[in-house]
Amino acid sequence: MNAYFTFNGNCREAMTFYKECLGGELELQTIADSPMGDDFPVELKECILNARLRSEGIIIMGTDMAPENLIKGNAVSMVLTFSSEKKLREVYHKLSEDGEASYPPEVNFYGTLFGNLTDKFGHQWLFHF
């Protein structure tokens, strides 16, 4: 299963931020670069039609093609499972920048390192090691 985020004009900024945090390869396709580019007004041509970030078994996709009734909610969270505590803490620190570090990583009653945060784009992330 892959994650697909919908943004309202800041997909490039968000996906670039996620790449800085998670590493990997980022592909961005603007509306202007698509076959449907001529059908859109000039002010939308640099919006992202399709974004894909691939990093160590993770695929995150995104778009600026948001419906008018886009509501950021807390019903869905991205879960990141790490093979080291060091990497978990490193990514947690990066993703929490300008966001809300609501539950910094700590060992829970299951004996696993767990944490969560809301990033600066309003998306929920869970961390597990």
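Points worth noting:
- Placing unit charges on the Cβ atoms of the charged side chains and taking the dipole of the chain about its Cα centre, the candidate lying farthest along the positive direction among SER55, VAL42, SER84 is SER84.
- Crossing angle, helix 11-22 versus the chain [Cα axis fit, 0-90 degrees, rounded to tens]: 30
- Placing +1 on the Cβ of every Lys and Arg and -1 on the Cβ of every Asp and Glu, with no other charges, gives segment 1-118 a dipole of roughly 480 debye about its Cα centre.
- When all protein chains stay in place and ligands, DNA and RNA are ignored, the 1.4 Å accessible-area order of LEU53, LEU70, largest first, is LEU70, LEU53.
- Check: segment 5-74 dipole with +1 on Lys, Arg Cβ and -1 on Asp, Glu Cβ, in debye: 260
- Looking at segment 79-129, the accessible area is 58 square angstrom per residue; that uses a 1.4 Å probe and ignores ligands, DNA and RNA.
- Derived from the Cα gyration tensor, the three semi-axes of the equivalent ellipsoid of segment 45-94 are 27, 15, 10 Å, largest first.
- The accessible surface of the chain, taken with every protein chain in place and a 1.4 Å probe, is 51 percent carbon and sulfur.
- Normalised contact order of the chain, rounded percent, pairs of Cα under 8 Å and 6 or more residues apart: 23
- Local electrostatic count, ASP64, Cβ distance below 12 Å [Lys/Arg +1, Asp/Glu -1]: -1
- The chain - mean residue ellipticity at 222 nm from DSSP helices (-39,500 (n - 2.57) per run, n ≥ 4, rounded to 500): -5500 deg cm²/dmol
- Which label in (1) -0.26, -0.32, -0.71, -1.30; (2) -0.32, -0.39, -0.85, -1.39; (3) -0.29, -0.35, -0.72, -1.24 gives the computed log10 I(q)/I(0) by the Debye sum over Cα atoms at q = 0.09, 0.10, 0.15, 0.21 Å⁻¹: (3)
- Of the beta bridges in the chain, as assigned by DSSP with both residues counted there, near 70 percent are antiparallel.
- The long axis of helix 85-95 is offset from the longest Cα principal axis of the chain by roughly 40 degrees.
- Taking Lys and Arg as +1 and Asp and Glu as -1, the other residues whose beta-carbon sits under 12 Å from that of CYS47 total -3.
The values are calculated or read from the model by the stated rules, or taken from the named source; none is laboratory data. All values derive from a computational prediction rather than experimental measurement. So basically every Cβ, Gly included, is an ideal-geometry build from the backbone, and we count neighbours across all protein chains shown. Calculation scope for accessible area: heavy atoms of the full protein, side chains included, ligands and nucleic acids excluded. Shrake-Rupley method; radii C 1.70, N 1.55, O 1.52, S 1.80 Å.
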